[in-house]
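Novice: Handing you this structure, nothing more for now.
The values are calculated or read from the model by the stated rules, or taken from the named source; none is laboratory data. The structure presented is a predicted model; accordingly, all values stated were derived computationally and were not measured. Counting neighbours? That spans all protein chains shown, and the Cβs are built from the backbone with ideal geometry, glycine included. Only protein heavy atoms, including side chains, enter the accessible area calculation; ligands, DNA and RNA are left aside. Shrake-Rupley method; radii C 1.70, N 1.55, O 1.52, S 1.80 Å.
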Amino acid sequence: QVQLVESGGGLVQAGESLRLSCATSESIFGFNSMGWYRQAVGKQRELVARFPRTGSRIYADSVKGRFTISRDVDKNILFLQMNSLQPEDTAVYYCEADQFGVDVWGQGTQVTVSS
């Protein structure tokens, strides 16, 4: 069974940066796509960024120009570089992998941005 393990969350001040990592137990090329989602308290889980198997990377409008999704195919790690963080970015961030119709989720990592 595929496992996704996130790391890199924490408490930062507005304007600072964080880099999240998602280590997979299988080759990244075994997934149709991988992405980052987030869920703030009292809100639904939302897509932050997606790295498809083919095609362009996708970003939520709220993070365009600030966040960058990337991957290391040799180490099977997905990254999310988050710059210029704002309090509204506070949420639990989840790594997701689409294993050709089967969604796999990590356990989540908390990101808290203070004003």
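Novice: What residue, among those in region 2-41 that are open to solvent by less than 30 Å² (accessible area, probe 1.4 Å) and within 10 Å of the chain's Cα centre (by Cα), is farthest from PHE79 (Cα to Cα)?
Specialist: ARG38
Novice: Does any residue of region 24-43 turn out to be hydroxyl-bearing (Ser, Thr, Tyr), modelled with pLDDT of 95 or more and farther than 23 Å from GLN1 by Cα?
Specialist: Within region 24-43, not a single residue is hydroxyl-bearing (Ser, Thr, Tyr), modelled with pLDDT of 95 or more and farther than 23 Å from GLN1 by Cα.
Novice: Filter region 68-87 down to the residues that are without any contact (Cβ under 8 Å) to a residue 40 or more places away in the chain and outside any strand (DSSP E or B) and list them by number.
Specialist: So the first thing to find is which residues in region 68-87 are without any contact (Cβ under 8 Å) to a residue 40 or more places away in the chain, and the list is 68-70, 72, 74.
Selection gives ASP74 alone.
Novice: Considering only region 3-37, state which residues are in contact with a helix residue (DSSP H, G or I) (Cβ under 8 Å, 6 or more places away or on another chain) and in a strand (DSSP E or B). Before you say what the answer is, go through the steps one by one.
Specialist: Here is the first cut: in region 3-37, the ones in contact with a helix residue (DSSP H, G or I) (Cβ under 8 Å, 6 or more places away or on another chain) are 14, 34.
Within region 3-37, MET34 is the sole residue that qualifies.
Here's the yes/no breakdown for (1) touching an Asp or Glu at 6+ places or on another chain (Cβ under 7 Å); (2) acidic (Asp, Glu); (3) modelled with pLDDT of 95 or more; (4) open to solvent by 40 Å² or more (accessible area, probe 1.4 Å):
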site: ILE58; (1), (2), (3), (4): no, no, yes, yes
site: VAL63; (1), (2), (3), (4): no, no, yes, no
site: ILE69; (1), (2), (3), (4): no, no, yes, no
site: LYS75; (1), (2), (3), (4): no, no, yes, yes
site: VAL92; (1), (2), (3), (4): no, no, yes, no
site: GLU96; (1), (2), (3), (4): yes, yes, yes, no
site: GLN99; (1), (2), (3), (4): no, no, no, yes
